[in-house]
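The values are calculated or read from the model by the stated rules, or taken from the named source; none is laboratory data. All figures in this text were calculated on a predicted structure; none of them were measured in a lab. With ideal geometry, Cβ positions are generated from the backbone for all residues, glycine too; neighbour counts draw on all protein chains shown. Quick note on the areas: whole protein, heavy atoms, side chains included, nothing else; ligands and nucleic acids left out. Shrake-Rupley method; radii C 1.70, N 1.55, O 1.52, S 1.80 Å.
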Amino acid sequence: MALRAAWTSSAYPSRTTGRTAARSRHRAAEVLAIGRWGFDAATVGDEDKSSSSASSSVELRRVPGAVEEVDESSKKVQRDLSSLPKPLSVTDLSACPSHGSNVRVAYQGVPGAFSEAAALKAYPQCEAVPCDQFEAAFKAVELWLVDKAVLPIENSLGGSIHRNYDLLLRHRLYIVGEVQLAVNHCLLGLPGVRKEELKRVLSHPQALSQCENTLAKLGVIRESVDDTAGAAQFVAANRLRDAGAVASARAAEIYGLNILAEGIQDDSDNITRFLILAREPIIPGTDKPFKTSIVFTLEEGPGVIFKALAVFALREINLTKIESRPQRKRPLRVVDDSNSGSAKYFDYLFYIDFEASLADLRAQNALSHLQEFATFLRVLGCYPMDSS
């Protein structure tokens with residue numbers, strides 16, 4: 001079902017001043033309302049919300065044959081680890097109280113995760129709240145247990161974080177900012193262990209893929225876990241002398257591990273982009289460079305994607321990201337093809353980021369134009385660009 005905004009299309013001016021600027025800001029607020037309007041989840045093919053409480057975490061199991069060292073240093077590690085905050089899970093969110101007036105920012109992982117570093121970069125004085133899954137971070141914001149969430153969306157080596165694209169559509173949060181973080185992966189191990197002794201390496205799938213060349217040379221088995229710092233925590237807690245972890249230098253410090261190798265990613269320019277999510281959108285402005293993120297669907301037909309992209313090109317709006325995801329509940333669309341009968345096509349959601357504020361009439365007119373043939377359109381957020 002096409003969503004219709006409360007403004008009308010008109011030729012966009014090169015600049016807005018006085019009353020025109022005020023009108024532009026008012027219309028920008030109307031555009032943001034697209035993100036508030038309800039829609040049928042089945043229409044856009046999102047997965048059943050009833051399944052959101054199911055845990056998708058990877059259970060970490062102890063591997064037989066691991067060398068055990070029950071000594072004073074081991075007990076000290078156990079005491080140190082027990083003092084760290086326990087990550088929030090989807091099942092215990094309702095019982096978690098709110099503390100103090102500081103900004104509370106949720107991230108996925110445990111202390112020492114790169115997501116924690118991104119949260120602290122965005123809000124240096126914040127209280128960083130660990131969550132065991134991306135889903136738990138979304139829910140923590142929705143339930144007012146935290147103020148913001150900082151979650152990864154894409155990496156320069158590993159590509160997009162598809163799970164978070166799906167969760168952006170399922171949940172009613174807004175993108176209010178972005179953080180770009182340089183990621184420096186380290187190979188960690190227990191004190192006294194050399195990297196040549198490692199038989200396996202644990203880390204998040206994205207981290208493992210970003211260090212493909214180094215790990216291939218070591219000839220180790222790669223095991224995927226929920227996050228990088230969690231891998232370091234697991235190796236330290238279980239005193240695994242045959243296992244290493246790919247994580248941050250801060251994780252090595254927190255969990256008492258040695259850095260066996262530093263900067264092991266395949267490319268030194270390893271950047272992860274994080275989104276800052278909140279319950280309410282921010283009012284877009286024109287005083288600094290802004291970026292806008294949207295998601296939409298189109299009817300099947302020749303040239304429809306070209307038409308969708310042309311609404312931005314015609315107004316000289318630069319696109320910085322294009323991502324397509326098959327709809328979850330209705331991945332296939334049956335179309336009557338006059339030449340060969342009915343045909344089946346994947347039914348896609350299109351995610352686009354473009355460099356323009358919704359206070360800019362060019363962006364407003366582009367979205368108004370897109371709505372003329374889009375079957376679904378939602379503004380995910382308009383936010384200042386991270387130029388650092």
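Can you spot a residue in segment 286-299 that is of a type outside the set (D, E, K, R), within 19 Å of L168 (Cα to Cα) and over 22 Å from the mean Cα position of the chain (by Cα)?
Just the residues of segment 286-299 that are of a type outside the set (D, E, K, R), to begin with: 286, 289-290, 292-298.
With within 19 Å of L168 (Cα to Cα) added as a condition, the list becomes 292-298.
Narrowing further to those that are over 22 Å from the mean Cα position of the chain (by Cα): 298.
Checking segment 286-299: at least one residue is of a type outside the set (D, E, K, R), within 19 Å of L168 (Cα to Cα) and over 22 Å from the mean Cα position of the chain (by Cα).
Counting only helices (runs of 4 or more DSSP H) that sit wholly inside segment 184-273, those with at least 1 residues that are without any contact (Cβ under 8 Å) to a residue 60 or more places away in the chain and of a type in the set (A, V, I, L, M, F, W, C) are 205-210, 212-218, 228-237. Tell me, please, whether a residue that is surrounded by 13 or more Cβ atoms within 10 Å (Cβ to Cβ), within 15 Å of the chain's Cα centre (by Cα), at pLDDT 65 or above and in a loop (DSSP other than H, G, I, E, B) can be found in segment 84-99. Looking through segment 84-99, none of the residues is surrounded by 13 or more Cβ atoms within 10 Å (Cβ to Cβ), within 15 Å of the chain's Cα centre (by Cα), at pLDDT 65 or above and in a loop (DSSP other than H, G, I, E, B). Tally up the residues in segment 143-158 that are within 13 Å of Y107 (Cα to Cα) and in contact with a Lys or Arg (Cβ under 9 Å, 6 or more places away or on another chain), please. Result for segment 143-158: 7. Could you run through segment 135-149 and say how many residues are open to solvent by 10 Å² or more (accessible area, probe 1.4 Å) and β-branched (V, I, T)? Matching residues across segment 135-149 total 0.
Pull up segment 170-183, narrow it to residues that are farther than 19 Å from P384 by Cβ and not in a strand (DSSP E or B), then point me to the one that is most open to solvent (accessible area, probe 1.4 Å). Full working, then the answer.
Going through segment 170-183, the residues farther than 19 Å from P384 by Cβ turn out to be 170-172, 182-183.
Now restrict to residues that are not in a strand (DSSP E or B): 170-172, 183.
Working: R170: 14, H171: 10, R172: 81, V183: 8 Å².
Out of the qualifying residues, it is R172.
Scanning segment 198-233 for residues being more than 18 Å from N155 (Cβ to Cβ), touching a strand residue (DSSP E or B) at 6+ places or on another chain (Cβ under 8 Å) and surrounded by fewer than 22 Cβ atoms within 10 Å (Cβ to Cβ) gives a total of 6.
Looking at the structure I just gave you, is T375 in a strand (DSSP E or B), hydroxyl-bearing (S, T, Y), at pLDDT 90 or above and surrounded by fewer than 19 Cβ atoms within 10 Å (Cβ to Cβ)?
Taking the combined requirement at face value, the residue satisfies it.
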